[in-house]
Structure formats: C-alpha cells, structure tokens
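The values are calculated or read from the model by the stated rules, or taken from the named source; none is laboratory data. The structure presented is a predicted model; accordingly, all values stated were derived computationally and were not measured. Neighbour counts are summed over all protein chains in view; Cβ atoms, including those assigned to glycine, are modelled from backbone coordinates with ideal geometry. Quick note on the areas: whole protein, heavy atoms, side chains included, nothing else; ligands and nucleic acids left out. Shrake-Rupley method; radii C 1.70, N 1.55, O 1.52, S 1.80 Å.
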Amino acid sequence: MKKRIRQPNLEDMDARLRDASRAIGDRLDAAGFQAWLVGGCVRDLALGIPPHDIDIATDARPDEVRATFERTVAVGAAFGTILVLEEGMGVEVTTFRTDGAYLDGRRPESVRFGTTLEEDAARRDFTCNALYLSPRTGELRDPENGIADLARGHLACVGDPAERFREDGLRILRLGRFAAAFELEVDQATLQAAKRERGSLAGISRERVIHELERIAGGRVPARAIEIFREVGALESCFPGAALRPGCVARLGPEPGFVRLLATLFEDPGIGLGTAEERREARIALLKSLRISRRAQAGCLRIWELEEWLEGTRRDPEGCTGARAVRILRDPWFADAFAVHRACRASVSPAAADLAARAASSKPEDLHPEPLVTAADLRDAGLEPGPEFGVVLREVEDLQLERRLRTRSDAIAWLRERVASARRKPSSQDSPEGEE
Ligand code: ATP
Ligand code: MG
C-alpha cells in the first residue's frame, strides 16, 4: 500500500525531544563533530507519526562524546553508545560504526568506529530505519533509499537480507513488528530470506524475543505481525513445541497487550484433559517453558481458567448467576478471558456474553461494595477468631452481592442467627469423632 510521505521536519516533533536534539546537535557541532537524528524517529516523522524518542548518530568516538557533555552514562560504550543527559532526558548518542562478524547471532564480535554515515547506514536493519536528519540544518540523508521504500509501502532489509538475518535473528521479529506497525508490505526477497534463515531465531535470548512480542502486543495490528511470523515459521523457531493459533489473534483487535496476546496465541494446553489438577499442571508446564515474567505466567493461567469457565456456561448457564458471577466479573483478568473466549471459540457462549455486558455496565460499587460487617462484628456476635471467620465473612459478602442483605443492621441480625444456629447443631469440628 502506497504511503503519504512527509519531508521529515524537526518542527513536527514534541518540543522536549526537539530541544534535546538541538542542544545535542549544537554541542557536537561546536566540538567539530557531526550529529544526526537517526532511525525510528526520522522514519516516524516521514510517516507523519510523532516520534516517542530520539537516537543520535555521530562521528565522535565514545570517549569524545563523553568529553563533550557534562552528564553522560556509558551504557554501551563498547558498541559506541553513550547516554547523554540533556534537557531533563536521556538520549542515546551512538558513534558511526561498522559491525564485525556476528558470532552468536546477536551482537557483533567487534565494532569498528571512525567510519562514515554511509557505512553506519549499511549496518542498520531496514532501509526505512537508515534515515538521518540533521537537527541543526534539517538536511536529510537517505543512503539506502528508505524514503522511496516507505512511499511504496515497502519494508526491505539494508543489503543482503539473508546475511542480515543470519547476523541477528531478532531482525525477523522486528520485520514483523514494523510491517504491522506501519502497514508495510514485506519485500519478497526479504520475506524469502527470513523464511530460509528463521533458524537464527533459535539463538536469540529469551528477553529479546519477549521484548519484541511485548512491543507487537502494544501495536495496532498485531495479527499482521503474527501472520508474517506464521508465513516464515518464526514462531515455531522461538517457541518449539507450542501449539500456536495465529488465526485467533486476528479476531483479538488492536493493542491487546502482552498477556492477552500470549493467552490467545498459545492454545490452552489444559483443554481436553481430565481433571482440574491435570489441566493446571499442563498450563503451568507450558508457561514455565515460555520463560515469561511471573505476572505474565499468572495472568495467562488465570485467563485460561476463566475462559474454560466461560465456555462451561454454555452447558450450565445457572453457574453464571449470583455471587459467583460477581466474583468472576471482578476478577482483574475477566475482560482478557472474555476477549480470548470471543477470539478463539466458534461462537460466544450466550451466558458469557450476558456477563460481559454486565461487566461493561457495572459500577465499581456494584462489584466491590463496602463490606456490611467487619471482623469486630463477628466477635461481637460471639464467634471466636479462627478459620471460621473467613468463611462467615464470605457468606455475608455472597448475600450482599446477591442483594439478599442490603443494610448493616440486616447483616448483623443475620450474623446473630448464623451463630445461634451453629451452636444448636454443632459442626463436625466439635463432633466426638473430631481429632482434638
Ligand atoms: P521504535 O519506534 O520501535 O523505537 P526504532 O527503529 O527506533 O523503532 P530501536 O530498537 O529503537 O528501533 O532501534 C533504533 C535504530 O537502531 C533502528 O532504527 C535501527 O536503525 C537500529 N537497530 C536497532 N536494532 C537493530 C538490529 N537488531 N539490527 C540492525 N539495526 C538495528
Ligand atoms: Mg527507537
């Protein structure tokens, strides 16, 4: 798809970023060096998208960059990157470089500084990411014809794509991400090379893979990225053995977020297993193998459990009522579970749809009403503190959620009756067969 391209212009940038760009550009210029905005920020300006951050490329060497600015952090000095603190923000300033051989498919074994802008462009991943804009003069440098590619709606590697993917397999995931983010067609040679070289993804660290997936999940059309990964076989290389469902992702909609995307992409491994315990074990085993954060693991697990329950409401709509329904509705993962249910099942369970409609119209106080009674009330009613406390508080809350108890005095009266009747018929704990 053809794109409307603008002349990249500093004026289209957020004032903070513009001020920092100019300040750094002026400083480097005064010290006798070049300074160019580079990469994503120039590409975004060309596409009419406000850049979210800036990167600067320079012919100054890392030690020269450090000497030019008062406040710097050597975040990646070996690769030429110095973080410059300017105008209240940190900006990565990276020395023009050419990369030596990539041994581990991730980082060049060596980098060579003292090179030209054109050589620096040649080590970048895609032609549209090899654009340079002077913060002082507004001059644009485009040695890889990235603007022409963007205008054609084309995403292509700089140089020989197979070599570029062999050097760094993560570029295959970046390919999907940029194609999706900017609705670009992947150049055929680039696509074929990604397919052939997908094996290089296996060597990529899990953190980098997850980080890319997180960025894809925050994008407008993650399904487009996933579709490209399916086409080149990238997902199977990153997640061997997992059953993947790219088709479902398409129905998920924009910006699903990482956990929702994962829970959709990976088929619930518990489906069809006999007992709840077996299902849980299968889910936990898969999630562990993905090596995602604990929060993401817990989220996926809960989404799959809730989704299974939502699916179950087809057979048992009654299970979807009363306090139980409210407790499900207020689960922090409910909206995600419903989204996954809708994306992955042939049809939505009618009872689940009712529940989702209710979630949308519920006020916070419907789901989390002020408790009618407290632990002190339980003591006053004659209950001894112990495990029974939690049970009774939950009973009161259930009745409140079902609106069978509406006021504090009703709840206290109910409580007194509850304690009295428990005394009349002793519970099993007090029975002669009890352990104590
Ligand atoms: P975003 O808008 O997502 O930040 P970006 O293009 O700025 O996109 P970054 O990851 O911030 O992406 O990288 C900045 C620039 O560094 C890229 O535009 C590209 O020129 C270069 N780059 C980043 N990662 C790679 C890589 N793996 N291989 C080659 N060049 C890369
Ligand atoms: Mg960037």
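Couple of notes before you dig in:
- Here's the list of aspartates and glutamates a cross-link from LYS195 could span, going by alpha-carbon distance under 15 Å and ignoring same-chain residues fewer than 8 apart: ASP160, GLU163, GLU167, ASP168, ASP187, GLU227, GLU231, GLU236.
- Take the Kirkwood radius over Cα pairs of the stretch 233-387, plug it into Stokes-Einstein at 37 °C and 0.692 mPa s, and you get 189 µm²/s for translational diffusion.
- Stokes-Einstein D for the stretch 1-92, Kirkwood Rh over Cα pairs, 25 °C, 0.890 mPa s (µm²/s): 179
- What the phi angles of the stretch 257-274 give under the Karplus curve with 6.51, -1.76 and 1.60, with θ = phi - 60°, is a coupling list of x, 5, 5, 5, 4, 5, 5, 7, 5, 8, 5, 3, x, x, 4, x, 7, x Hz, glycine and proline written as x.
- Magnitude of the charge dipole, the chain, Cβ model with Lys/Arg +1 and Asp/Glu -1, debye to 20: 800
- ASP168, ASP29, ranked by accessible area, largest first (probe 1.4 Å): ASP29, ASP168
- Cα pair distances of the chain binned at 20 Å [whole percent]: 21, 40, 25, 13, 1
- Relative intensity, log₁₀ I(q)/I(0), of the stretch 88-220 from a Debye sum that treats every alpha carbon as a point, q = 0.09, 0.14, 0.19 Å⁻¹: -0.28, -0.69, -1.25
- Only Cα sites of the stretch 186-263 enter the Debye sum here, all with the same form factor; the resulting log10 I(q)/I(0) across q = 0.13, 0.16, 0.24 1/Å is -0.38, -0.58, -1.26, listed in q order.
- Listed residues GLN192, LEU301, PRO256: farthest to the positive end of the dipole of the stretch 180-308 (Cβ charges): LEU301
- Debye-sum result for the stretch 279-364 in log10 I(q)/I(0), which assumes one identical scatterer on each alpha carbon, at q = 0.10, 0.15, 0.16 Å⁻¹: -0.26, -0.56, -0.63
- On a per residue basis, the stretch 53-145 carries 45 Å² of accessible surface, using protein heavy atoms and a 1.4 Å probe.
- Quarter of Cα convex hull surface for the stretch 353-406, i.e. mean projection, nm²: 4.5
- Kirkwood-type radius of the stretch 253-292, with distances r between different C-alpha atoms, in Å: 11.0
- When Rg and the Kirkwood radius Rh are both evaluated on Cα atoms of the stretch 1-158, their ratio Rg/Rh stands at 0.96.
- Sorted on the mean count of surrounding Cβ atoms within 10 Å across their residues, most packed first, peptides 399-409, 347-357 read 347-357, 399-409.
- From phi via Karplus (6.51, -1.76, 1.60), per-residue ³J(HN,Hα) for the stretch 236-241 in Hz, x at Gly/Pro: 5, 6, 7, 10, x, x
- Bridges between two residues of the chain, per DSSP, are antiparallel at a rate of about 75%.
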